[in-house]
Amino acid sequence: MPGKLIFREPFCSRRIQVGAVETIDLHAVEFIMIKQIIAIASLLAGTAALAQDAGDLGEAPPEAPYAAVSDLVELPEFLPGLGQLYVDPETLPAGPFLGYDRDGRLSATIYMPPIGDLEGGTSFDDLALGAESVSSVDIYYNAGHPGVEQPHVHVVLYHDPEAKGRLAK
C-alpha cells in the first residue's frame, strides 16, 4: 500500500512501503537531501565570498594588486569584445582578467587558461570572480597574444545582459 509507514525497529528507522515489495528508508532520503542542500549552499556562499573578497571592483581602475594589462604588455588600452583589461600579475596566465567598458563599469570577468596546460591535466580551481552576477558566458579559442602567448581559451563571463554590447564598441 503506498504511503504505509513501517517501523523496522521502534522509532529508529522510518520506512515507507512504495509498492508490494519496495520500501524506502526515509532517514537515508532525508540525509541525502540535507547533503545536497549543504553542498548547494556552500557553492553559493563560496561564489559570493570570492566576489566579495575581491573588494570593490565595480568601477575602473580596480585597487592593487590589479594592474592595467596595457601597462604590463604591448596591448591597446581597450580591446573590442573584452574591454579595458586589468589583471593581478600573480594570477597569470589564467586570470581572472577584469573587463571594463568605456565608462569604467565592470562588464566581464575573463579567464585565459592555456590549452597545453589543460591537455596536461592542469586544473584551475577557485578562480576569483569580478562580480557575483553572471548573465551569460562565451568560450572561444585564441592563438595567443602578448601576456598569454601560448594558444588558450577565452572564458568570458558577462555580468549583465548589456555587457557584451558595451564591450563590443
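The values are calculated or read from the model by the stated rules, or taken from the named source; none is laboratory data. These numbers were taken from a predicted model, which means no experiment stands behind them. Note that each Cβ is placed from the backbone with ideal geometry, even for glycine, and that neighbours are counted across all protein chains shown.
Key figures for this structure:
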quantity	calculated
Sole residue being exposed (fewer than 13 other Cβ atoms within 10 Å of the Cβ) and acidic (Asp, Glu), chosen from GLU63, GLU132	GLU63
The range 116-150, residues that are polar (S, T, N, Q) and closer than 15 Å to PRO93 by Cβ	THR122, SER123, ASN142, GLN150
Condition met for GLU63 (part of a loop (DSSP other than H, G, I, E, B), out of contact with any helix residue (DSSP H, G or I) (no Cβ under 6 Å at 6 or more places or on another chain) and charged (D, E, K, R))	yes
Meets criteria (at pLDDT 90 or above, touching a strand residue (DSSP E or B) at 6+ places or on another chain (Cβ under 6 Å) and in a strand (DSSP E or B)) for LEU57	no
Residue match in the range 73-83 (condition: surrounded by 13 or more Cβ atoms within 10 Å (Cβ to Cβ) and free of Cβ contacts under 8 Å to residues at least 24 places away in the same chain)	yes
Qualifying position, being in the same structural domain as TYR141 (by TED's automatic domain parsing) and within 20 Å of the chain's Cα centre (by Cα), among GLU77, GLU90	GLU90
Within the range 84-113, tally of residues that are surrounded by 15 or more Cβ atoms within 10 Å (Cβ to Cβ) and part of a helix (DSSP H, G or I)	1
Of the criteria (1) outside the structural domain of ILE139 (by TED's automatic domain parsing); (2) of a type outside the set (Ser, Thr, Tyr); (3) free of Cβ contacts under 8 Å to residues at least 60 places away in the same chain, which one GLY58 fails	(3)
Complete set of residues in the range 114-126 that are part of a loop (DSSP other than H, G, I, E, B) and surrounded by 15 or more Cβ atoms within 10 Å (Cβ to Cβ)	PHE124
Check on GLY95, of a type outside the set (Phe, Trp, Tyr), more than 19 Å from the chain's Cα centre (by Cα) and either at pLDDT below 95 or closer than 15 Å to ALA67 by Cβ (or both)	no
